[in-house]
1. Can you sort Asp21, Asp98 by solvent-accessible area, 1.4 Å probe, largest first?
2. Would you kindly state how much longer the chain becomes between Ile73 and Val170 on full extension, computed as 0.36 nm times their sequence separation minus their alpha carbon distance, in nm to one decimal?
3. Output the antiparallel fraction of DSSP beta bridges having both residues in the stretch 11-183, as a percent to the nearest 5.
4. Kindly provide the chymotrypsin sites (Phe, Trp or Tyr not before Pro) of the stretch 1-54 that DSSP labels as loop, not H, G, I, E or B, and whose Cβ sees at most 11 other Cβ atoms within 10 Å.
5. Estimate the FRET efficiency between Glu229 and Met1 by the formula 1/(1 + (r/R0)^6), using the beta-carbon distance for r and 41 Å for R0, to the nearest 0.05.
6. In the stretch 148-224, what chymotrypsin sites (Phe, Trp or Tyr not before Pro) fall in a loop by DSSP, with at most 12 other Cβ atoms inside 10 Å?
7. Give the long-range amide H neighbours of Ala28: residues separated by 5 or more places, or on another chain, with amide H under 5 Å away, using H modelled in the peptide plane at 1.01 Å from N.
8. So what are the radius of gyration and Dmax for the Cα set of the stretch 11-183, in Å?
Amino acid sequence: MIEDVFERKTEILDPPVANVDHLLVMFAMEQPKPEPFTLTRFLVEAESMEIPFTLAMNKAELAGEESLSEWRIRLHSWGYQPLFCSVDNKSGLASLEDILKGQTTVIVGPSGVGKSSLINSLRSKQRIAGGKEINGLHDHKNEGSKWLGEQRVDTVSKRSGQGKHTTRNVSLLPLSEGGYICDTPGFNQPSLLKVTKRSLADTFPEIRQRRSASEPSRCSFNDCLHLGEPGCVVNADWERYPYYFQLLDEIKIREAFQLRTRGTKREQDVRYKVGEMGVKQAEPRLEPKKHRRVSRKQLNQSILDDLDEDLEEAGY
Ligand SMILES: Nc1nc2c(ncn2[C@@H]2O[C@H](COP(=O)(O)OP(=O)(O)OP(=O)(O)O)[C@@H](O)[C@H]2O)c(=O)[nH]1
Ligand SMILES: [Mg+2]
Ligand SMILES: [Zn+2]
């Protein structure tokens with residue numbers, strides 16, 4: 001039953017949730033190990049939401065001191081100060097609790113990193129409290145188990161070290177210190193739908209930093225994409241430059257594709273193909289039958305022919 005509808009002030013897309021104050025991007029130090037390109041995708045997505053976010057690296061107790069310090073330095077060079085934590089030995093949880101209280105947070109990250117485990121751990125206090133009244137909200141008797149129950153967690157796969165996609169739904173849960181946390185199913189490929197080829201550069205702290213360091217000169221061209229244009233102040237001398245390049249490529253293809261086919265916005269319309277020498281290449285995901293049957297009726301045939309030609313020329 002819908003009881004009230006609030007004005008939409010903020011919105012995130014993956015998963016679709018409105019009126020969020022804060023995003024918690026969670027990865028694990030081990031099981032599964034952080035994959036730098038996937039982590040970059042999550043960071044780019046978080047930056048593009050225009051909502052404050054925190055990066056937490058869980059399962060810190062499984063990683064050696066050396067690996068922790070390597071990742072701390074590495075992420076610092078990307079422009080981030082992650083919070084290392086462990087749901088298992090409770091380190092870092094007090095700081096996280098502090099950050100989360102009083103806000104509505106959505107937690108995102110790959111499957112198996114411990115999102116639901118963290119939520120259970122943070123909410124375990126209020127479960128003991130019995131559930132008569134939490135944060136001024138009455139616990140309706142028949143809702144009690146859902147509102148207060150634990151989120152299901154499961155071990156990561158022994159073979160792959162990846163999570164098993166345990167959480168299937170998005171659910172909003174009250175925190176004992178006030179505020180809400182939204183548990184979400186783990187996934188690996190944020191869609192980056194709010195990012196355009198022009199705005200991508202702003203989602204990389206390394207580029208922002210190089211541009212502001214060169215004030216007031218900046219890049220010679222206003223529409224510089226920092227791909228080695230003359231007078232560009234952003235060099236290629238930073239670790240994630242290849243990722244910037246790869247994401248730009250992907251977004252360019254998506255934009256061209258969206259422009260031509262209109263109305264394919266929520267489709268996963270880019271996929272990766274491993275090409276020569278193992279270099280990954282983005283290409284539009286064409287679902288020939290499904291896509292064409294609808295489109296041919298609606299779209300001018302010549303537009304589709306153009307698209308085919310362009311793709312052919314580009315070698316797809
Ligand atoms: N060693 C260790 N294991 C942890 C820690 N936190 C969570 N786990 C374990 O990691 C596994 C996955 O935890 P979940 O909470 O289900 O992970 P999730 O991120 O919610 O996964 P999805 O729901 O699939 O997205 C479980 O076996 C947890 O017990 C931690 O700090 N250290
Ligand atoms: Mg979960
Ligand atoms: Zn530039």
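The values are calculated or read from the model by the stated rules, or taken from the named source; none is laboratory data. Nothing here was measured: the structure is a model prediction, and the numbers come from that model. Every residue, glycine among them, receives a Cβ derived from its backbone with ideal geometry; neighbour counts consider all protein chains shown. These accessible areas exclude ligands, DNA and RNA; they are computed on the full protein's heavy atoms, side chains included. Shrake-Rupley method; radii C 1.70, N 1.55, O 1.52, S 1.80 Å.
1. Ranked list, largest accessible area first: Asp98, Asp21.
2. 31.6 nm
3. 35 percent
4. Values: sites: Phe6, Phe27, Phe37, Phe42, Phe53; in loops: Phe6.
Sites meeting the loop and neighbour criteria: Phe6.
5. After rounding, the FRET efficiency stands at 0.15.
6. Details: sites: Tyr180, Phe187, Phe221; in loops: Phe187, Phe221.
Here the chymotrypsin sites (Phe, Trp or Tyr not before Pro) that fit, given the DSSP loop and packing criteria, are Phe221.
7. Asn58
8. Looking at the stretch 11-183, its Cα Rg and Dmax stand at 16.0, 50 Å.
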